[in-house]
1. Among 113, 177, 166, which one moves the most in a GNM of the chain with springs linking Cα atoms closer than 10 Å?
2. Specify whether the C-alpha gyration tensor of segment 1-147 places it in the rounded, prolate or oblate class, a ≥ b ≥ c being the square roots of the eigenvalues: rounded for a/c under 1.5, otherwise prolate if a/b is larger than b/c and oblate if not.
3. Please list, in order along segment 86-97, the HN-Hα scalar couplings obtained from phi with the Karplus expression 6.51 cos²θ - 1.76 cosθ + 1.60 (θ = phi - 60°), rounded to whole Hz, x for Gly and Pro.
4. Can you give me the accessible area per residue for segment 9-107, using a 1.4 Å probe, in Å²?
5. Could you compute the net charge surrounding residue 212? Neighbours are other residues with a C-beta less than 11 Å from the C-beta of residue 212; K and R count +1, D and E count -1.
6. On the protein heavy atoms, probe 1.4 angstrom, tell me the percent of accessible surface of segment 125-231 carried by carbon and sulfur.
Amino acid sequence: MKLRVVTHAEHDGGARFPDVWPAFMAHDPVVSSFFPRLYEVFPDFQLWVLDGKETAAGACTLPVRWDGVPEQRGLDWAMSSGQGGSPSTLCAVTVTVAPEYRRRGLSAALLRRMAGLATAHGLDALIAPVRPTWKERYPLTPIERYVLWRRDDGFHYDPWIRTHERLGGEILSPAPRSMTITGSREEWEEWTGLQFPEDGDYVVPRALAPVSFANGSGTYVEPNVWVRHRV
């Protein structure tokens, strides 16, 4: 069956994002409070890729007021301070592809559609606090160094950033505090299946940076990379 892309406003309901994110990602207080509202407030800016009645992929965006200066808080900024004033720019929030539909070019297709949404709504650019796919392999490497890594062909080392570049995306700068997730020791043990017997920094599977524990509380600050697509 042929895949089709629709906005949330055009969809008849029932689509759900594939459950592919680590459990701790659901506990950023800014994102978790604002994310459900995207479908109510900005239904024309949310995309679904459907295979019949099955959800193959989805993408979320939101219009923001951006002055051209990359914000260190990344996604948290977009869902809080970025909402002040008349929107000028479209900000990508997430692209999620179900495992069985990967390697079919859906991520690139959704990026193109998101840029098209920015154009259709008269916005000046598509910006994205990109979550680098392979940064989880190097959680101890600062994002300021990781963002400089390149292959021999000149494209970025990271495959998701590389996809953006191949579609004309320009790396602006790191967003070193794109998300902040804090939880008790017990919560982090539930989210990760690990134990954290003493204070200190821990490498956690699928986290892009260590989780720091102090006084029984763990804090994870996720670094992303700002990329801009001109439209």
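1. Taking springs between Cα atoms under 10 Å, the residue moving most is 166.
2. Oblate, since a/c reaches 1.5 and b/c is not below a/b.
3. 6, x, 10, 9, 9, 10, 6, 9, 7, 10, 10, 10
4. The answer is 48 Å² per residue.
5. With Lys, Arg at +1 and Asp, Glu at -1, the neighbours total -2.
6. Roughly 48 percent, rounded to a whole number.
The values are calculated or read from the model by the stated rules, or taken from the named source; none is laboratory data. As the structure is a prediction and not an experimental result, all values here were calculated from the model. Please note: Cβ atoms are built from the backbone with ideal geometry, for glycine as well, and neighbour counts cover all protein chains shown. Heavy atoms of the whole protein, side chains included, go into the accessibility calculation; ligands, DNA and RNA do not. Shrake-Rupley method; radii C 1.70, N 1.55, O 1.52, S 1.80 Å.
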